[in-house]
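Written out below as structure tokens is the structure these notes cover.
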Amino acid sequence: FEKIAGYSRAVVDGELCFVAGTTGYDPVTKVLPEDVVEQTRNCFKTIGIALKEGGFDMADLVRATYYVTDAKDFDAVFAVCGETLGDIRPAATIVAVSALYKPEMKVEIEVTAKRRGA
């Protein structure tokens, strides 16, 4: 999507890394699973790759915003957030939205990271 839509997956600005909204496509196969849990896991996999390419890692996360197309999926999304982020605990917001870019997309996550020790 990045080239088609003219945006960057992530932008590093000094000690900060801004990762664009990331949906649940598998970062390797580019397949979108139906399940919101697997979509959420894939969001974090892609985010982890983008952070690593920018010289950051998940432990550097300071902010996360979760966009979910069905509020009934909040608990499932939160469970994956807990398993993935553990004690990192970035400031976070979850928002129910009416739709994402494609109707089969159930979750989109954007994050900001700050290099630790800076």
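Quick one: accessible area per residue over segment 32-94, 1.4 Å probe, rounded to a whole number of Å²?
On a per-residue basis, 50 Å².
From largest accessible area down, sort Lys102, Lys3, Lys30; use a 1.4 Å probe on the protein chains.
From most exposed to least exposed: Lys3, Lys30, Lys102.
When the helix-only estimate is applied to the chain (DSSP H runs of n ≥ 4, each -39,500 (n - 2.57), divided by the residue count), what is the mean residue ellipticity at 222 nm, nearest 500 deg cm²/dmol?
-9000 deg cm²/dmol
Only four residue types carry charge here, +1 at the Cβ of Lys and Arg and -1 at the Cβ of Asp and Glu. Report the dipole size of the chain about the Cα centre in Debye, rounded to the nearest 20.
I would put it at about 300 debye.
Please identify the trypsin sites (Lys or Arg not before Pro) of segment 47-118 that satisfy two criteria: DSSP loop assignment and at most 11 other Cβ atoms within 10 Å. Which are they?
Sparse-neighbourhood loop trypsin sites (Lys or Arg not before Pro): Arg116.
On a straight-distance basis, which aspartates and glutamates could pair with Lys52 in a cross-link, Cα separation under 12 angstrom, same-chain partners fewer than 8 positions away excluded?
Result set, ordered by chain and number: Asp60.
Which order do you get for Ile49, Ile88, Ile4 if you rank them by accessible area with a 1.4 Å probe, largest at the top?
Ile4, Ile49, Ile88
Residue by residue through segment 43-53, what is 3J(HN,Hα) from phi via Karplus (6.51 cos²θ - 1.76 cosθ + 1.60, θ = phi - 60°)? Round to whole Hz and write x for glycine and proline.
3, 5, 4, 5, 4, x, 5, 4, 4, 4, 4
From the phi angles alone, apply the Karplus equation (6.51, -1.76, 1.60; θ = phi - 60°) to segment 27-41 and give each ³J(HN,Hα) in whole Hz, x where the residue is Gly or Pro.
Karplus-based 3J(HN,Hα) across segment 27-41 equals x, 9, 7, 6, 8, 9, x, 6, 6, 5, 5, 5, 4, 5, 4 Hz.
Work out the charge dipole of the chain with +1 on the Cβ of Lys and Arg and -1 on the Cβ of Asp and Glu about the Cα centre, then indicate which of Gly82, Tyr7, Ala64 is farthest towards its positive end.
Tyr7
Quick one: of the DSSP bridges fully inside segment 3-100, what percent are antiparallel, nearest 5?
Percentage antiparallel, nearest 5: 40.
Ordering Val19, Val11, Val28 from largest to smallest accessible area (1.4 angstrom probe), what's the sequence?
Val28, Val11, Val19
Could you state how much accessible area Asp70 has, in square angstrom rounded to the nearest 10, with a 1.4 Å probe and all protein chains kept in place?
Its heavy atoms expose roughly 60 Å² to the probe.
Positive end of the dipole of the chain, charges at C-beta (+1 Lys, Arg; -1 Asp, Glu), about the Cα centre: which of Ala113, Leu100, Tyr25 has its Cα farthest in that direction?
Ala113
Around Ile94, with a cut-off of 15 angstrom between Cβ atoms, what is the net charge of the other residues, counting Lys and Arg +1 and Asp and Glu -1?
Net charge in that neighbourhood comes out at -1.
The values are calculated or read from the model by the stated rules, or taken from the named source; none is laboratory data. This structure is a prediction, so every number in the text was calculated from the model and none was measured. Methodologically, a virtual Cβ is constructed for each residue, glycine included, from the backbone with ideal geometry; neighbour enumeration extends over all protein chains shown. These accessible areas exclude ligands, DNA and RNA; they are computed on the full protein's heavy atoms, side chains included. Shrake-Rupley method; radii C 1.70, N 1.55, O 1.52, S 1.80 Å.
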